[in-house]
1. For each of Lys67, Lys53, Lys290, count neighbouring Cβ atoms within 10 Å of the residue's Cβ, then give the residues from fewest to most.
2. Could you give the length gained by full extension between Asp400 and Asn257, i.e. 0.36 nm per residue of separation minus their alpha carbon distance, to one decimal place?
Amino acid sequence: MIFKNKLKLVILLGILFFWMGCVSDESNKCEGDKLDEDWTAIVENEDCNAEQKGEAYLALGGFNYFKWVEDSEASIVDVLSLTASNWSTKLAYFLKALNITRPLYLSGSNSVKTTYFFAAFLTMNVYLSGTLDNGVPDGTTAFDGNIESSEVDAFTGTSVNDNSGDSDGTTLSPTQLYQFQSDDLFYVWDTATNKVYEDTLDDGSADSEITTPATVASLLADPTSWTVVNQVAYLDELTDPLSGQGDPDSVIVFTSNLLTYLGDLENAMLGLGIDSSSDSIKQIIEFRAKLDNGAQCTSLKDNPNLGLAQLFVANTQKEQITDGSYKEQNNFSITELATLGESDVSSDSSSDIFSVEPGIKMLFKAGTTYIPYWNGADPAIKTAMTNMALFGTSDVKAGDGVMTFSEVICASELLSQ
């Protein structure tokens with residue numbers, strides 16, 4: 001799946017060449033068992049070394065070096081005869097080979113380095129095939145060597161609802177309330193009534209009204225002196241962008257393992273002396289880029305609700321804060337919301353009087369009121385936010401080694417290309 005056939009053949013022939021030149025003394029028991037292909041005896045023999053056990057584990061997994069070299073067009077699925085009933089057993093053997101040889105891939109013999117390479121290559125590809133290339137009810141063929149986007153969607157449960165077009169599935173309503181900071185304290189100004197309220201938790205909520213006319217006049221006398229200004233907006237609904245019911249914990253484990261196995265494969269090739277600028281290393285880098293992709297794909301760009309939900313999870317408060325403030329929570333810029341399709345959020349004419357660009361302070365609908373944390377919000381909001389949060393809340397950055405939800409969505413598209 002990672003190597004093109006011609007490149008695969010060149011690499012394998014070169015590896016096999018010096019593997020065969022590094023065979024040790026065959027008079028010992030381990031080498032005798034190797035000649036007899038008694039692989040179980042080797043892995044159970046404490047006297048057999050990592051190289052011998054690693055090779056035995058590969059054989060127990062059904063890998064035949066020569067069969068692979070002889071048929072340059074064969075895929076890993078064909079070489080190993082992978083099926084739904086055997087792939088996990090084979091993977092377990094390849095992982096054992098990988099783990100036992102990993103400590104030696106730089107300092108060990110050429111032979112053990114080669115074993116590590118094969119273990120990394122097989123682990124990576126069998127893991128991908130068994131997890132993703134397993135068919136879906138729409139008629140996609142299982143274990144055909146091709147990972148279809150429908151197969152990825154079926155596993156992740158992240159098939160995206162079609163919320164493109166005129167509606168992004170989100171109801172975010174700006175209000176006539178403005179949160180502002182003056183002398184290190186936060187207040188809420190109702191521009192419709194010209195009333196000012198204390199904002200005791202710095203969350204954008206209008207708490208106790210300030211009734212002293214002189215105090216109100218003083219606070220409103222010079223809006224250009226306000227150091228922070230946010231228009232309060234109510235999130236009344238957030239359409240769940242997921243139509244599938246995948247297991248999010250499994251997705252997280254999968255993406256983490258995948259990045260680890262890619263690292264093993266790259267290290268194995270570098271340990272064998274393959275130059276970091278070679279085509280084979282470049283292919284690994286390109287494959288990794290499809291996973292840790294920075295959420296750059298058509299699926300995300302065409303669905304603004306998905307992008308909004310990811311942004312909401314990253315910037316909002318999940319649980320109620322019992323000791324502290326919401327000063328740094330639920331804050332957005334109008335520009336970033338508009339870029340993701342939320343065009344209804346815009347400041348009214350009152351914004352012209354501020355010296356700083358107003359932002360958005362979000363509150364979530366909870367029955368007849370609005371609260372500053374989404375875990376207590378209405379189901380129409382909480383469900384979508386919960387699903388998104390399970391896939392990670394970190395900033396989406398390409399190549400940072402962290403898989404976010406939106407990158408998982410994009411990976412299903414990019415891996416199928």
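1. Fewest to most other Cβ atoms nearby, the residues stand as Lys67, Lys290, Lys53.
2. 50.0 nm
Laboratory data are not the source of any read-out in this text; all were calculated from the coordinates shown. Everything quoted here is computed from the prediction, not taken from an experiment. FYI the Cβ positions are ideal-geometry reconstructions off the backbone, even for glycines, and counts take in every protein chain you see.
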